[in-house]
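The values are calculated or read from the model by the stated rules, or taken from the named source; none is laboratory data. Please read all numbers here as calculations on a predicted model, not as lab measurements. Reconstructed Cβ throughout: ideal geometry from the backbone, glycine too, with neighbour counts over all protein chains shown.
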Amino acid sequence: MLALEVQGLTAGYGPVTVLRGVDFRAEPGQIICLMGRNGVGKSTFLKALMGFLPVASGTILLDGMPLHGLPAHDIPKRGLAYVPQGRRLFGPLTVAENLAVGGLVRGNDSATLDHVLTLFPRLRERLTQIAGTLSGGEQQMLAIARALCLRPKVLLLDEPTEGLQPSMIALIQDAVRTLKAEGVAVVLVEQRVDAVLKLADRVAFMVAGRIEEVMPVKDLSPDADVFRTYVGV
């Protein structure tokens, strides 16, 4: 089974090294959560996967094909999609226009758009609404939907439920479970232990720019020592 496989990844910002020999693997049809204290490199890792940061050393393979060294605009074409923390929508554009931007790589076919709107039916009702006027939860749905217009093999989500009300969190978690069932590999940065235990198949704990430990969720409980050790909760 092919997957996203990272070996020995070192990267950072200019002279500052943040990621130090990261080894990581995301499997099709599984959700792997990336946890760790603030500043350990979780968001930096996602940015490096997407080509936003130069890779100093190491490899990034998707289905056996190298992504490291590719320009950032080519990586989505290979099947990697990214929803950053803070959403970064085109606020003045409509919902439909934001989705069209997301679909440019794949040619904006109607079947993909219909699939995305079936996953997030609330967006179907708001296609003509300006994105900047949506609620926070609806904006997060749109950010995920825009990424899914790429028809990705791997979806990277950076704290997608941060600051949202429980009903919106539940809707987004349901969508992520559906993607898992469809065979998408989901890499989720998440700090809330309850959410991780509900969603994830495995948890990768990051410390100081390295993956220190990877554990199956079935071996974890809410009061497991690893959460206190690596996340501080």
Subset of segment 165-187, residues surrounded by fewer than 19 Cβ atoms within 10 Å (Cβ to Cβ), part of a loop (DSSP other than H, G, I, E, B) and either in contact with a Pro (Cβ under 8 Å, 6 or more places away or on another chain) or of a type in the set (A, V, I, L, M, F, W, C) (or both), comes to 183
Residues being small (Gly, Ala, Ser) and at pLDDT 95 or above: count how many of those fall in segment 57-68. 2
Given the conditions (1) surrounded by fewer than 18 Cβ atoms within 10 Å (Cβ to Cβ); (2) at pLDDT below 95; (3) of a type in the set (Asp, Glu), report the number of the one that residue 190 does not fulfil. (1)
Restricting to segment 196-213, count the residues that are assigned to a helix (DSSP H, G or I) and buried (at least 17 other Cβ atoms within 10 Å of the Cβ). 3
When the residues of segment 79-98 are filtered to those that are in a loop (DSSP other than H, G, I, E, B) and farther than 19 Å from residue 164 by Cα, which remaining residue is nearest to the chain's Cα centre (by Cα)? 79
Does residue 181 fit the bill of being modelled with pLDDT of 95 or more, at negative phi and out of contact with any helix residue (DSSP H, G or I) (no Cβ under 9 Å at 6 or more places or on another chain)? yes
